[in-house]
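Take a look at the structure below.
A short reminder: the numbers here are calculations on the coordinates, not readings from a lab. Because the structure is predicted, anything quoted here is derived from the model rather than measured. We place every Cβ from the backbone using ideal geometry, glycine too, and count neighbours over all the protein chains shown.
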Amino acid sequence: MKRIFSDPTGVLLVLFGVLAVSGIVLLCLAGGGAISRERILPAEGVWNGSERTEELSVNKAFAHVPDYDIEGFITIPLPEGASPDSCEVVQDISHRKTTVFIRDVPKDFYSEHPFSGASGDVTGMYYRYIDGTAELEILTDGILEAETMENNGKLYLGFVSPRECFPRIYVVDPGHGGDDPGHTSNGVMEKDVALQLSLMLAGELSDESHGVYLTRSEDVSMGEEERSKLIRDLEADAVIGIHAEADPVTRVSSGVTADALYGADPVIAGSIARAVSEATGLDIFPGNDTEGCGGALIAGVPCYRVGFGFLTNKRDATFVSDGENELSAARAIADAIRASEEQ
Ligand SMILES: [Zn+2]
């Protein structure tokens, strides 16, 4: 997503940077240009120069300064001659955390050129300086996408709700995690298959018109309430729950399942199953397994629950834990979801 802003002097500012999947890195387009000293804010309450992480005073230090700040944005002065890859904005969506890394910064730069501006979404800010890199960590009170623009030697950072960025919002919910392994059979744990496939699906589905968020992106325990909070906060259109199946009785069941839960469209679930089957060669197993996806149930959001193979079947277990097969399935699910939107 790209937006163009213009400032009062008529200089075009390029706004970029909508992050969907946590961990994606954006480069900021830092230009040159000296910063005029008379516009520098007093350092009081901003930063005391210590190298350890410092909490910055949000309310006191971040007053809006006309002609210097842009309403609703945090102003981050950049060192003179900062190169296009001298800063990165990294978002950890599930922890409501945004970190700006500015490289090749003189040690005292931010005591002499403090951050300024104001954003009503910010609940905490922390600064630290390590080996020439300044890090500004920002906590927000909701799930928000960072947007940045650069002009005249300053980086402006603001926040927008995912709904303002994306026509469609999906939550990919890898089942289980942490001390809940899910089904475990033939040396394969369901939580691992679910996470790998989910990470790939989020990567495949995420684009300018699809905001895609993961309930978990690591092997961590996560309750249904916590998952539902994320789903609700995002106002997700649908949840895609990723699991693997088990048949401990016969151990011969095999294939992919896809179910429409909590008001989801069974036709779309059928398309997902067919797409995965065609892409991977797995049969479609007619499933009606409503296990999992409790987060979607609590949030009251439609859910497509995909079961990628039966771990109790040795051939399936080997097949679904293979990265290439997981990628094929992820692409097929993403394609089926996109196709369903055109109907
Ligand atoms: Zn499961």
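What translational diffusion coefficient, in µm²/s and rounded to a whole number, does the Stokes-Einstein relation yield for segment 145-200 at 37 °C and a viscosity of 0.692 mPa s, taking the hydrodynamic radius as the Kirkwood radius over Cα pairs? Calculated translational D: 224 µm²/s.
Of interest is the spacing of the C-alpha centroids, which for segment 84-145 and segment 178-198 amounts to 35 Å. In terms of overall dimensions, segment 166-341 has a Cα radius of gyration and Dmax of 14.5, 45 angstrom.
Per-residue Cβ neighbour counts within 10 Å put Phe109, Phe285 in the sequence Phe109, Phe285, beginning with the fewest.
My understanding is that a pair violates if its Cα-Cα distance is over 30 Å; which of Lys191/Lys229; Lys154/Lys229; Lys97/Lys191 do that in this structure? Lys154/Lys229, as the Cα separations exceed 30 Å there.
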